[in-house]
Amino acid sequence: MKDNQLLETADEMEIDLSELFHVLLKKWWLILSTALVGAIVAICITKFAVTPLYQSKAMLYILTKSTSVTSVADLQIGTVITKDFEIIATSKPVIDAAIEELAREEGVVFTRGQISSMITISNQEDTRILTIEAVSENPKHACIVANAITEKTASRMAEIMKSDPPTTVERAEVATAPINSNVARNAILGFLLGAVAVCGILLVQYMMNNNIRTEEDVEKYLNATTLAAIPIVKDKNNKKEELQKIRGSKRGKKE
């Protein structure tokens with residue numbers, strides 16, 4: 001008995017993928033229109049609601065002896081201590097020195113909190129390259145902050161290690177395009193999200209609908225044979241023509 005119930009339940013849970021495809025195909029116009037709305041909304045948000053942010057990046061090459069590579073040990077130690085230099089680059093002495101230089105050279109005043117929120121220090125795995133990135137709404141501010149932190153980090157490292165400062169691999173430049181306002185990418189994402197959302201809603205509605213809709217449903221769920229089917233006439237003109245024919249035939253009989 002239990003086995004029969006399990007089989008019946010399994011039959012009820014069967015999903016016809018071709019039927020699901022036809023459900024979505026019938027609503028292609030709704031899917032397309034919703035996807036287009038999603039793309040338009042994404043474009044509007046990108047242009048009018050998202051504050052553009054600009055990123056500038058500088059790089060330092062870290063070695064215990066920056067003037068020459070004397071041994072493999074120096075290379076190995078350089079890789080290990082790069083993690084320590086990541087912490088040094090965000091230390092208060094480095095940030096304070098950068099703030100003083102920016103106020104003196106550029107005439108721009110920052111606080112520790114502002115600098116800390118702007119910079120990101122990273123080290124690519126298995127390298128001795130320290131990357132200093134600065135992000136700001138002002139592209140020039142991002143550039144000068146990245147360069148100032150890079151210079152003061154190199155000086156602080158030399159002071160701590162009692163050696164020559166690390167070599168600057170690349171200085172930061174003023175960014176020409178924001179990093180978070182890619183209109184084309186966001187439009188595509190909005191289009192896809194809109195299409196996926198409406199497809200999901202249509203499929204859920206279809207799965208939650210337990211009504212008997214076709215002759216196959218009658219045989220599948222009720223184990224009954226269909227004796228007759230009443231077609232649904234959707235065309236109003238056809239309905240009017242049929243009514244006129246019926247009325248005409250009744251008048252002819254009366255005459």
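A few remarks follow.
- Qualifying residue in the stretch 50-65 (condition: touching a helix residue (DSSP H, G or I) at 6+ places or on another chain (Cβ under 7 Å), modelled with pLDDT under 60 and surrounded by 12 or more Cβ atoms within 10 Å (Cβ to Cβ)): yes
- Scan of the stretch 84-107 for residues that are surrounded by 15 or more Cβ atoms within 10 Å (Cβ to Cβ) and among the β-branched types (Val, Ile, Thr), ordered by number: ILE88, THR90, VAL94, ILE95, ILE99
- Check on ILE95, part of a helix (DSSP H, G or I), on the phi < 0 side of the Ramachandran plot, over 30 Å from the mean Cα position of the chain (by Cα) and of a type in the set (A, V, I, L, M): yes
- SER117 meets all of the listed conditions (1) within 32 Å of the chain's Cα centre (by Cα); (2) open to solvent by 30 Å² or more (accessible area, probe 1.4 Å); (3) at pLDDT 90 or above; (4) over 18 Å from LEU53 (Cα atoms) but one, namely (4).
The values are calculated or read from the model by the stated rules, or taken from the named source; none is laboratory data. The shown structure was predicted, so the numbers you read here are calculated from the model rather than taken from an experiment. Every residue, glycine among them, receives a Cβ derived from its backbone with ideal geometry; neighbour counts consider all protein chains shown. Ligands, DNA and RNA are excluded from the accessible area calculation, which covers all protein heavy atoms including side chains. Shrake-Rupley method; radii C 1.70, N 1.55, O 1.52, S 1.80 Å.
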